[in-house]
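To keep things clear, I will list the structure first and then write my remarks on it.
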Amino acid sequence: MATLDNYRNEKFVKYCEEQLREYVELYAGIDAALIATADGFEISSYAQGRLHSADKLAAVGSSLFSLGDALVQEFNLMNCKSIILDSDRGKVYISDIHNKQHSIILMIQTTEQATLGNIIHGAKKLNTNISKKLKEIPVSPVN
């Protein structure tokens, strides 16, 4: 299992920052994107303006994703892949980025002008790119 230090290695963080920046700037209506560990620690983030507390968002987002996964398990639907929260002023999209040894989450904040198709299409591309980079992160031995 990778540790927080593994995920926060400079090369991985820099790669994630660049991927998030490209995504946020490419798709209309995307305000911010954040990558966090499954247990709620920020790895990387990018925002057009001010991103609210990235640490708090990472913690809340990972908790929401865990709750969504528990609900999906209760319905016997296997594994949760994503959650969409719709509000008066925009959407929040949370998705799992994983491979066999790593699992992190991606959170995206949008305005009400963002289309769900663009959010999901871009997030899937982002997910694929970051998932490939995850393979380079070392796994700590289990004690």
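All of the numbers you see were taken from the coordinates with simple rules; none came from a lab. Model, not experiment: these values are computed from the prediction. Here Cβ is always computed from backbone atoms with ideal geometry, including for glycine, and neighbour counts include all displayed protein chains.
What's the magnitude of the charge dipole for the range 21-82 around its Cα centre, counting Lys and Arg as +1 and Asp and Glu as -1 at the beta-carbon? Answer in Debye, nearest 20.
So the magnitude is around 100 debye.
Calculate the FRET efficiency for HIS98 and ALA28 from the Cβ-Cβ distance with a Förster distance of 25 Å, rounded to the nearest 0.05. Before the final figure, lay out the partial values.
Numbers: r = 28 Å, r/R0 = 1.12.
Calculated value: 0.35.
For the range 4-134, what's the relative contact order in percent, using C-alpha pairs closer than 8 Å and at least 6 residues apart?
On the way: 216 pairs, mean separation 33.6, N = 131.
Once divided by the residue count of the range 4-134, the mean separation gives 26 percent.
Provide the packing ranking of 12-19, 34-41, i.e. peptides ordered by the mean count of other C-beta atoms within 10 Å per residue, highest first.
So the peptides 12-19, 34-41, ranked by packing, come out 34-41, 12-19.
Pairs LYS56/LYS100; LYS56/LYS133; LYS14/LYS91; LYS11/LYS132; LYS14/LYS135: which are spaced more than 23 Å apart, C-alpha to C-alpha?
Among LYS56/LYS100; LYS56/LYS133; LYS14/LYS91; LYS11/LYS132; LYS14/LYS135, the Cα-Cα distance tops 23 Å for LYS56/LYS100; LYS56/LYS133; LYS14/LYS91.
Hey, can you rank 69-80, 101-112, 121-132 by average C-beta count inside 10 Å, highest first? List each step's numbers first, then the result.
Details: 69-80: 11.2, 101-112: 20.7, 121-132: 16.6.
Going from most to least packed, we get 101-112, 121-132, 69-80.
At a Förster distance of 22 Å, what's the computed FRET efficiency of GLU18 paired with PHE41, Cβ-Cβ distance as r, to 0.05?
0.65
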